[in-house]
Amino acid sequence: MLGLVTSVIFLVGRALGRAVIVLILGAAVLAAVKIITAKFKDRPWAGSSALIRELPWTYLGLSTFTFFVLPPVLFFFSARQEPRLWILVVLSLFSLAGNFWQSLRLPNRGLSAKALLQTLRRAARLYIRNRSLRALMQILVFLWRKAAGQSPPIIVSLAVTYHCPCRCPPCYSAVEGRSIRRELTTGEFMSVLDQVKALGALQVLFTGGEPLLRRDIFDLVAYAHRLGLLTRISTNGYLLTSECAAKLKRAGLNQCCISIDETDPAAHDRLRGRPGTFARAEKAFGYLRRCSIDRKMLVYATHQKIAAGLECFIELGRKLKVNSYHFNIPFITGRWADSFPEVLSKKEMADLRGYLKYPSLTVEFPTPETNCCAYEGSMLGINPAGEVTPCPCVPFSMGNVGREPLSAIWRRHVSALRPESRGRCPLNDRHDRKLLQEHCASVLAGSASRPSSDTE
């Protein structure tokens, strides 16, 4: 009897699997045609060369949603029963790579296939550890929004507080008067997260200040996880105890980013303005590892560090068993406002990009042709008062979620995107900075609300 039931389940599952595959491929073709039609309907036939170039990536990008169906199917049917499913797994991975390529608009940026595969691997690792079907479904929402021409952001940076126990020189949120401003409540932040999900974003990054200072941070992470968003947090590690790491794990945190300014403990503590921060950050990495939370080391690449070499941070990361690294560049904002001598030269940026040879490492502006995320429309920042910015580092507001829906602000932003800033942050150049400020002012002008005191 058991054998009969097993056989029936297998046959039904096999038939359903094949039907789903046919539906997926058909939907992918229809969606590809929709995107191509929308993209080229106003262009002359001479644009057919562009069509030919973009067709493979458009199709592969949209067929990515096989990624939603294959994991549960493979869970129920082993490779011995349906070996052809493994072929579809490989195809879905290529599709996912195509989607990242198209979504980030990297074909002409000089990014190698190796770098693309590394990006794919890091993303796949987060989704595998997430173990949430809602997160996989959110990819479908993201692709659908993109197919509809709505261009959702990939990641939304949500600063939940201005307060922090440290006083780091590169801090972009340290602006005079902000610490006394009203911060959104738990319910208001949850409403913002609902809007982030509806916008079609894939990830939310909780930042600050120091996000672990908020008692409701675990509730916010858990809520974002239930919504199907990948959850990340950026912290100095000072408050990240063993108990805190366990709570974050239960809440559904996917990745924790910890900043390391120097490999020498005394130098790190001196820059952070608080003794013991290096030792606590080291311990924090250990607590996260025990809880199986993905760990990323954040490093600001300054003139001095690049001249001395950044290999010491990679060696420290190996010792601490981090999963990945990100080398940031100085941004002329916050405590570094008007510190234009801190901006890296072209040679220093080239030296910094040389560290991309390490597979688990990313840098800001990985190629000279990489456009600023604020102009790519791949990121969005929301500060503790609800002000919306093109990037968390940008001090210019485009609107406030307390006065109008996030989707309205986002639509005005992406429809007005004209400037470019390739290979450098627009905040780091006086002319580009002015253009960015004008762009934010034009987006804000489309709102019925008046500019807040949070803007420059």
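The values are calculated or read from the model by the stated rules, or taken from the named source; none is laboratory data. Computed from a predicted model, the values in this text were never measured in an experiment. Note that each Cβ is placed from the backbone with ideal geometry, even for glycine, and that neighbours are counted across all protein chains shown. To get the accessible areas, we keep the full protein, side chains included, count just its heavy atoms, and leave off ligands, DNA and RNA. Shrake-Rupley method; radii C 1.70, N 1.55, O 1.52, S 1.80 Å.
The table that follows gives values for the structure above.
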{"quantity": "Added length on full extension, which subtracts the Cα-Cα distance from 0.36 nm per residue, L140 to D429", "calculated": "100.3 nm"}
{"quantity": "Highest average packing first - 226-235, 271-280, Cβ atoms within 10 Å", "calculated": "226-235, 271-280"}
{"quantity": "Separation in nanometres of the label points that stand 7 Å from Cα toward Cβ, at A148 and S407", "calculated": "0.7 nm"}
{"quantity": "The range 370-440 versus the range 248-287: alpha-carbon centroid distance in Å", "calculated": "29 Å"}
{"quantity": "Shape parameters for the range 297-456, alpha-carbon atoms, Rg then Dmax in Å", "calculated": "17.2, 53"}
{"quantity": "Alpha carbon Rg of the range 349-410, scaled by the compact-globule rule 2.2 N^0.38 Å", "calculated": "1.45"}
{"quantity": "For the range 190-321: accessible area per residue (Å², 1.4 Å)", "calculated": "38 Å²"}
{"quantity": "GluC sites (Glu not before Pro) within the range 165-250, DSSP loop, no more than 16 other Cβ atoms inside 10 Å", "calculated": "E176"}
{"quantity": "L133/R182 FRET efficiency (R0 35 Å; Cβ-Cβ; nearest 0.05)", "calculated": "0.40"}
{"quantity": "For the range 153-270: span of alpha carbons on each principal axis (Å, largest first)", "calculated": "44, 33, 26"}
{"quantity": "Among 424-430, 201-207, the order from most to least packed when residues are scored by Cβ within 10 Å on average", "calculated": "201-207, 424-430"}
{"quantity": "For the range 320-456, share of DSSP beta bridges that run antiparallel, in % to the nearest 5", "calculated": "60 percent"}
{"quantity": "Volume of the Cα convex hull of the range 182-250, divided per residue and given in Å³", "calculated": "84 Å³"}
{"quantity": "Heavy-atom accessible surface of the range 291-347: percent carbon and sulfur, 1.4 Å", "calculated": "54 percent"}
{"quantity": "Rg and Dmax [Cα atoms of the range 286-359; Å; Rg one decimal, Dmax integer]", "calculated": "14.2, 42"}
{"quantity": "Accessible surface of the range 356-428, 1.4 Å probe, proportion on carbon and sulfur as whole %", "calculated": "53 percent"}
{"quantity": "Estimated inter-spin distance, A337 and D351, nm [label 7 Å along Cα→Cβ]", "calculated": "3.0 nm"}
{"quantity": "Estimated inter-spin distance, A267 and R167, nm [label 7 Å along Cα→Cβ]", "calculated": "2.2 nm"}
{"quantity": "Fully extended contour minus Cα-Cα distance, from S292 to E315, at 0.36 nm per residue", "calculated": "6.2 nm"}
{"quantity": "Total charge dipole magnitude, the range 277-392, about the Cα centre, Cβ charges on Lys, Arg, Asp, Glu only, Debye to nearest 20", "calculated": "720 debye"}
{"quantity": "Unsatisfied cross-links (Cα-Cα over 30 Å) in the set K197/K347; K247/K321; K197/K321; K197/K346", "calculated": "K197/K347; K197/K321; K197/K346"}
{"quantity": "S259 accessible area, assembled protein chains, probe 1.4 Å, Å²", "calculated": "20 Å²"}
